[in-house]
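K.L.:
Next up is a structure, given as structure tokens.
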Amino acid sequence: MRAAGLFTRALTAGGVIQAFGSGHSEAVAMEIAGRAGGLVPTNRLALRDIVLHGDAPRSELDRYDLERDPAVARTILDLAPVHRHDLFVVISNSGVNGVVVELATLVKQRGHDLIAITSRAHGDAVPSRHPSGRKLTDLADVVLDNHAPYGDAVLPLPGGGATGAVSTITSALLAQLVVAHTVRDLLRAGQVPPVYLSANVPEGDAHNLALEARYEGRIRRGA
């Protein structure tokens, strides 16, 4: 409910929801930005932005440690179409990698509200990989716990380890719940929620393009 309140406040002020996740967490950012039934004023940030919207070589995306490099976060944020009323949602199961913590740090320094979707169990069990020693949970205004266990997977294997990762599923559910409560709040306030129709229904394209035009230059679609 607190997260939905921040969403509603940002949208009412003309803000956009900026969502970021690396690795499988990007799937959760996709739940928030640019899908049927979701909010139109949403934007997805990604590691590949440093190539698509910046001047980094394609080979940078092959780095195994890319999401651990704090410097990448500043580049992603500086390349993004961010306005002062925008709200950020950062998704990370561990919440300890350099890009995630640095992005959260910069977001707060620049005065934006920040919502984290993460696993408390995993994040509390591992050290931060950021030079400050901080974790995503130390910086967020609201923390949504996806309740994934340490290591993410839930079905133990006889020789050790486990299978059946759940963080993407539970985090996506949290994201959809926040959007649903936000739409309810906007309706209660007498506003028409800017919600996508499926592009695979006859009237979908015209409806969606008309809404996207309100946020021209502020939301990216496609890759």
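The values are calculated or read from the model by the stated rules, or taken from the named source; none is laboratory data. Values in this document were obtained by computation on a predicted structure and should not be read as measured data. Counting neighbours? That spans all protein chains shown, and the Cβs are built from the backbone with ideal geometry, glycine included. Just the protein is used for accessible areas: all its heavy atoms, side chains included, with ligands, DNA and RNA removed. Shrake-Rupley method; radii C 1.70, N 1.55, O 1.52, S 1.80 Å.
K.L.:
So for region 140-213, what are the equivalent ellipsoid semi-axes in whole Å, largest first, each being the square root of 5 times an eigenvalue of the Cα gyration tensor?
P.N.:
Calculated on Cα positions only, the semi-axes equal 37, 18, 9 Å.
K.L.:
With θ set to phi - 60° and the Karplus curve 6.51 cos²θ - 1.76 cosθ + 1.60, what are the ³J(HN,Hα) couplings of region 127-133 in order, to the nearest whole Hz, using x for Gly and Pro?
P.N.:
Taking θ as phi minus 60°, the curve returns x, 5, 9, 9, x, 6, x Hz for region 127-133.
K.L.:
For every helix of n ≥ 4 consecutive DSSP H residues, a contribution of -39,500 (n - 2.57) applies; sum these over the chain, divide by its total residues, and give [θ] at 222 nm rounded to the nearest 500 deg cm²/dmol.
P.N.:
Result for the chain: -10500 deg cm²/dmol, rounded to the nearest 500.
K.L.:
Then there is this: Would you mind telling me the antiparallel percentage of the DSSP bridges in the chain, rounded to 5?
P.N.:
Beta bridges within the chain, antiparallel portion: roughly 20 percent.
K.L.:
I've got another one for you. When DSSP beta bridges are limited to those with both residues in region 61-172, what percentage is antiparallel, rounded to the nearest 5?
P.N.:
Taking every DSSP beta bridge within region 61-172, about 25 percent pair in antiparallel fashion.
K.L.:
Right, here's the next one. Can you tell me, using C-alpha contacts under 8 Å and at least 6 residues apart, the relative contact order of the chain as a whole percent?
P.N.:
This gives 24 percent for the chain.
K.L.:
Right, next: Going by average Cβ neighbours within 10 Å, how do the peptides 152-159, 3-10, 66-73 rank, with the highest at the top?
P.N.:
In decreasing order of mean packing, 152-159, 3-10, 66-73 become 3-10, 66-73, 152-159.
K.L.:
Could I ask something else about it? Report the label-to-label distance for residue 125 and residue 74 in nanometres (one decimal), using points 7 Å from each Cα along the Cα→Cβ vector.
P.N.:
Output for this residue pair reads 3.4 nm.
K.L.:
Pick from 51, 201, 99 the residue whose mean-square fluctuation is largest in a GNM of the chain, springs joining Cα atoms under 10 Å.
P.N.:
Per the Cα network of the chain with a 10 Å cutoff, 201 tops the list.
K.L.:
Same structure, new question: Once the whole set of protein chains is in place, how much accessible area is left on residue 105, using a 1.4 Å probe, in Å² to the nearest 10?
P.N.:
10
K.L.:
Using only Cα atoms and rounding to the nearest 10 degrees, what angle (0 to 90) does helix 98-109 make with the longest principal axis of the chain?
P.N.:
Once rounded, the angle reads 50 degrees.
K.L.:
Quickly work out the residue 27-to-residue 153 label distance, labels modelled 7 Å from Cα along the C-beta direction, and quote it in nm with one decimal.
P.N.:
Between residue 153 and residue 27, the simple spin-label model gives 1.5 nm.
K.L.:
Using the Kirkwood formula over every pair of different C-alpha atoms, what hydrodynamic radius in Å results for region 72-160?
P.N.:
One over the average 1/r among Cα pairs gives 13.7 Å for region 72-160.
K.L.:
When only alpha-carbon atoms count, how far does the chain stretch along each of its three principal axes, as whole angstroms with the largest first?
P.N.:
53, 40, 33
K.L.:
Sticking with this one: Tilt of helix 2-12 relative to the longest C-alpha principal axis of the chain, in degrees (0 to 90, nearest 10)?
P.N.:
40
K.L.:
With labels modelled as points extended 7 Å from the Cα through the Cβ direction, what inter-label distance (nm, one decimal) is found for residue 221 paired with residue 207?
P.N.:
Using points 7 Å along Cα→Cβ, the separation is 1.3 nm.
K.L.:
Separate question: Taking only Cα atoms, what is the 0 to 90° angle, nearest 10, from helix 70-79's long axis to the longest principal axis of the chain?
P.N.:
10
K.L.:
Then there is this: What FRET efficiency would be calculated for the residue pair residue 173, residue 132, taking the C-beta separation as r and a Förster radius of 25 Å, to the nearest 0.05?
P.N.:
So the FRET efficiency works out to roughly 0.25.
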